[in-house]
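The values are calculated or read from the model by the stated rules, or taken from the named source; none is laboratory data. In this text the structure is predicted, and so the values were computed from the model without any measurement. Neighbour counts are summed over all protein chains in view; Cβ atoms, including those assigned to glycine, are modelled from backbone coordinates with ideal geometry.
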Amino acid sequence: MQTTSTNSAEPSSPALDRQSLRPDCGKCFALCCTAFGFARSADFALDKPPGSPCQNLAPDFSCTIHDSLRPRGFRGCTVFDCFGAGQNLSQGLFAGKSWLENPETKDEMFSAFKAARQLHEMLWYLAEAQTRTFDPDTSRRAVQLRNRIEHAVCGELPELLSLDIQDLHSQVRSTLMDVSAEVRASYFAAGDDHLESALKPGADLMGKSLRSRQLCGADLRGAYLIGADLRGSDFSGVDLLGADFRDARLERADLSKALYLTQPQLNAARGSRATLLPSDLKMPSHWHNG
């Protein structure tokens, strides 16, 4: 869908194109709870080295404290999203055989998951870029990149492990930035000159009050929005690629036509039932009483 006016009631994200990029933990071998490590912090209640099972992991790969992760100090687990890489790898490349059944595959499986997770995230962004660009050449470039990535994640294990992800990431980033410039140009920029100068990639907006602002068309790629007050603000056409939304206030904000928004960003933020979201993203459970 191409959006040229902030008056459109339609959300921007290509929901049907992203169905396979949603995590299905029941078909995964708890790869996010094993492959990655984490340090004790506000997001994790304990230290866990990479390549080892979390102490809360059950023998059937379920989480024994899934319904109380946040109050028990595991907020980071509720924010993480593998973009469907876990089940794709578990049931595809490893044919439904877990690292418990075949311990000799453990190291390769965990390494493959770390690579596949990055690739699936690229697919998430490219699906949107392909849909929102006005330029047939850019759309074609996005399709070619998606085909290349899909071939890697659905192909043979050696090919996935030998893939130059850094080079691929650079190509994807270039495409996403081209689409971003194109989409943002179709929206009105903020009218406040002082505010407009602060709205830039990588901006430090931690704890700032941007309440009820028309942020339309701003480039907040990689911006630090930790604890920012964004209640009631309009994010139409705003590039949010990699923006840090931890504890940001999003009650009544309109994110329905934001660009490059992901579920992990929403999971890290605070919002309410009145927050408007793209059709293919869901309201985090901790927002329900917001």
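Taken over the stretch 227-258, the criterion of being more than 20 Å from K200 (Cβ to Cβ) and not in a loop (DSSP other than H, G, I, E, B) is satisfied by R249, D254.
Residues checked against (1) among the hydrophobic types (A, V, I, L, M, F, W, C); (2) surrounded by fewer than 13 Cβ atoms within 10 Å (Cβ to Cβ); (3) assigned by TED's automatic domain parsing to the domain that holds L220; (4) under 27 Å from A258 (Cβ atoms):
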site: L93; (1), (2), (3), (4): yes, no, no, no
site: W99; (1), (2), (3), (4): yes, no, no, no
site: A112; (1), (2), (3), (4): yes, no, no, no
site: L126; (1), (2), (3), (4): yes, no, no, yes
site: S139; (1), (2), (3), (4): no, no, no, yes
site: D164; (1), (2), (3), (4): no, yes, no, no
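Only residues that are in contact with a strand residue (DSSP E or B) (Cβ under 9 Å, 6 or more places away or on another chain) and part of a loop (DSSP other than H, G, I, E, B) were counted across the stretch 259-276, and they come to 4.
Total residues in the stretch 141-176 satisfying the condition of being in a helix (DSSP H, G or I) and free of Cβ contacts under 8 Å to residues at least 40 places away in the same chain: the figure is 21. For the stretch 20-51, filtering for residues that are of a type in the set (S, T, Y), more than 23 Å from R146 (Cβ to Cβ) and either surrounded by 13 or more Cβ atoms within 10 Å (Cβ to Cβ) or modelled with pLDDT of 95 or more (or both) leaves 1.
Considering T138, T131, T78, the condition of being assigned to a helix (DSSP H, G or I) and at pLDDT 95 or above is satisfied by T138 alone.
Regarding D17, is this residue modelled with pLDDT of 50 or more, among the charged types (D, E, K, R) and part of a loop (DSSP other than H, G, I, E, B)? So D17 fails the test. Conditions first: (1) in contact with a His (Cβ under 9 Å, 6 or more places away or on another chain); (2) surrounded by 20 or more Cβ atoms within 10 Å (Cβ to Cβ); (3) not aliphatic (A, V, I, L, M). T275 passes all but one, so which condition is the exception? It fails just one condition, (1).
Answer with yes or no whether K106 is within 21 Å of P23 (Cα to Cα), in a helix (DSSP H, G or I) and more than 21 Å from the chain's Cα centre (by Cα). Give the derivation first.
On the way: within 21 Å of P23 (Cα to Cα): yes; in a helix (DSSP H, G or I): yes; more than 21 Å from the chain's Cα centre (by Cα): yes.
Here the answer is yes, as K106 does meet what is asked.
If you take the residues of the stretch 239-257 that are of a type in the set (A, V, I, L, M, F, W, C) and under 14 Å from L176 (Cβ atoms), which of them is surrounded by the fewest Cβ atoms within 10 Å (Cβ to Cβ)? Going through the qualifying residues, I end up with L241.
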